[in-house]
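Quick notes on the structure that follows.
Read-outs: derived from the displayed coordinates by stated rules, not from any lab. Note that the structure is a prediction, hence the values are computed from the model and not measured. All Cβ positions, even for glycine, are placed from backbone atoms using ideal geometry, and neighbour counts span all protein chains on display.
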């Protein structure tokens with residue numbers, strides 16, 4: 001066992017549980033705001049943040065874990081949590097389109113949460129900023 005690296009599971013953390021719990025409770029206006037804030041990020045700044053994600057993955061041997069986090073976030077946007085907190089019957093299809101449209105912002109936020117301090121503050125802020133704006137003022141998740 002000496003010399004073996006301990007396996008890292010970026011999805012199995014309290015922070016990720018909290019993130020997906022809050023994502024399950026986000027409303028339509030939160031997702032629309034998140035998408036708008038994501039689109040407002042300078043493209044070069046966003047690409048720089050993604051370079052930092054890839055660098056952290058290579059440096060810490062987390063490329064597979066980063067892919068798992070991306071997949072879970074994309075899965076949520078494409079099919080998870082089919083009922084929004086404030087969606088009426090007949091509007092579910094619209095809710096699904098809104099989730100998918102916010103998918104890129106959701107992936108960025110999930111990676112910022114998962115990688116945490118492995119990213120420098122500037123790059124982490126770029127990725128998580130739209131998420132923080134969407135949940136600003138939202139009640140904290142219930143604790144057991």
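Estimated from the Cβ-Cβ distance and a Förster radius of 25 angstrom, the FRET efficiency linking residue 97 and residue 25 is about 0.85.
Restricting the calculation to Cα atoms, the stretch 14-135 shows an Rg/Rh of 0.98 when the hydrodynamic-style radius is the Kirkwood one. Our summary gives the stretch 14-135 a relative contact order of 42 percent, counting only alpha carbon pairs under 8 angstrom and 6 or more residues apart.
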